[in-house]
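Following: one structure in structure tokens, then a few remarks.
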Amino acid sequence: MNDISWLMMYAGNVLRIALLIFVGIPVLVWCKKTFSNMCTKRFSQHSGILLGRIIFYCGLIFIIGAILHEFGFNVTALLGAAGVFGFAIGFASQSSISNIISGFFLVLERPFFIGDIIKSGEVTGVVESIDLLSVSVRTLDNKLVRLPNEMVLKQSLINLTYYPVKRIECVLSIAYTDDIEHIKSEIYSLIKNNGLFLQEPAPVVMLQKIGQHDYNTEIRIFLTIRVWVSREHFSSAPAILMQQLKDQFDKDKRVVTIVQTNLN
């Protein structure tokens, strides 16, 4: 092979490598965004993100293989060696494969979406992302927790914001001698005058029990307050309700105790 032929072949290789890098990668990024947006509109945001990542990594492997071929490497032999190596790695990391499979089940089943508040085991927070191996959750005190997909799929899961309206429940303790109907009327009035609390489903204030609280010997009356709020106010509504109850009964100079507040 003379110098001119070698130079032309070398120039052709350089041109093809340049095309793969400067044209192939932008096209790959465009395909990732396009198919991800299509999947997001058709299904959900996290399924679109997952599909986009699969397309990008598969395309990137193809481009790297093509570049190695241009450099003269035997790609077939490399793929064979990679297959044996990948089998060994896969056998040694069965949990990762299980997490990937679990991730696909989460995408297909769609028990939650990005932005939902979920409770998985002892972790409660906002879903930030759903990846091939794990689900990233931002807790209510602003900590990032990584939950393996397999763990999320195996244990019980509560989606606290799946439905558009949510109920909060507050247990209030008042003195035995207090007028129950008058206090119930005040609570209903307080709820009605706050646009944060929904009137449909209707709020409920009812007698829960008459008894002692903890080790206190005083007999108290316990009222259960149930109000409904829209999903976006779910996490802030309990504190607002407790604050307004306190302010209302401070005006009446009544001694009340908020025993507990539940998010349902």
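Throughout, read-outs are computed from the coordinates displayed, never taken from laboratory work. Owing to the predicted nature of the structure, the values given are computational and were not obtained by experimental measurement. Note that each Cβ is placed from the backbone with ideal geometry, even for glycine, and that neighbours are counted across all protein chains shown.
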For this session: Compute the FRET efficiency between Asp250 and Arg42 as 1/(1 + (r/R0)^6), taking r as their Cβ-Cβ distance and R0 = 51 Å, and round to the nearest 0.05.
Result: 0.45
Exercise. Among Arg110, Arg226, which comes first, second and so on when ranked by fewest other beta-carbon atoms within 10 Å?
Worked result: Arg110, Arg226
For this session: List, in order, the whole-Hz ³J(HN,Hα) value for each residue of the stretch 148-162 obtained from phi through the Karplus relation with A = 6.51, B = -1.76, C = 1.60 and θ = phi - 60°; use x for Gly and Pro.
Result: x, 4, 4, 5, 5, 6, 7, 8, 5, 10, 10, 9, 6, 10, 5
Seminar exercise, completed: Between the modelled labels at Thr217 and Tyr176 (7 Å from Cα along Cα→Cβ) the distance in nm is 1.2 nm
Exercise. What is the gain in length, in nm to one decimal, between Glu169 and Phe22 on full extension, counting 0.36 nm per residue of separation less the C-alpha to C-alpha distance?
Worked result: 47.0 nm
Problem set entry | Cα-centred dipole magnitude for the stretch 165-263, charges only on beta-carbon of K, R (+1) and D, E (-1), debye, nearest 20 | 220 debye
Seminar exercise, completed: Taking a crude spin-label model, label points 7 Å out from Cα along the C-beta direction, the Thr34 to Ile240 distance in nm is 4.5 nm
Exercise. By how many nm would the segment from Ile100 to Ile64 lengthen if fully extended, with 0.36 nm per residue of separation less the alpha-carbon distance?
Worked result: 10.6 nm
For this session: May I ask you to derive the FRET efficiency for Lys119 and Ile54 from their Cβ-Cβ distance with R0 = 35 Å, giving the value to the nearest 0.05?
Result: 0.75
For this session: Under 18 Å from a label point 7 Å along Cα→Cβ of Asn193: give me every residue in the stretch 243-258 with its amide N that close.
Result: 243-254
For this session: First measure r as the distance between the Cβ atoms of Leu207 and Ser136, then evaluate 1/(1 + (r/R0)^6) with R0 = 35 Å and state the FRET efficiency to the nearest 0.05.
Result: 0.20
Exercise. Cα centroid distance between the stretch 204-252 and the stretch 95-115, in Å?
Worked result: 39 Å
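Taking K and R as +1 and D and E as -1, what net charge do the other residues with C-beta under 13 Å from the C-beta of Ser129 add up to?
0
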Problem set entry | Within the stretch 111-159: Cβ-based charge dipole about Cα centre, in debye rounded to nearest 20 (Lys, Arg +1; Asp, Glu -1) | 60 debye
For this session: Just tell me which lysines come within less than 26 Å, Cα to Cα, of Lys184; anything on the same chain fewer than 8 places away is out.
Result: Lys166, Lys192, Lys209, Lys246, Lys251, Lys253
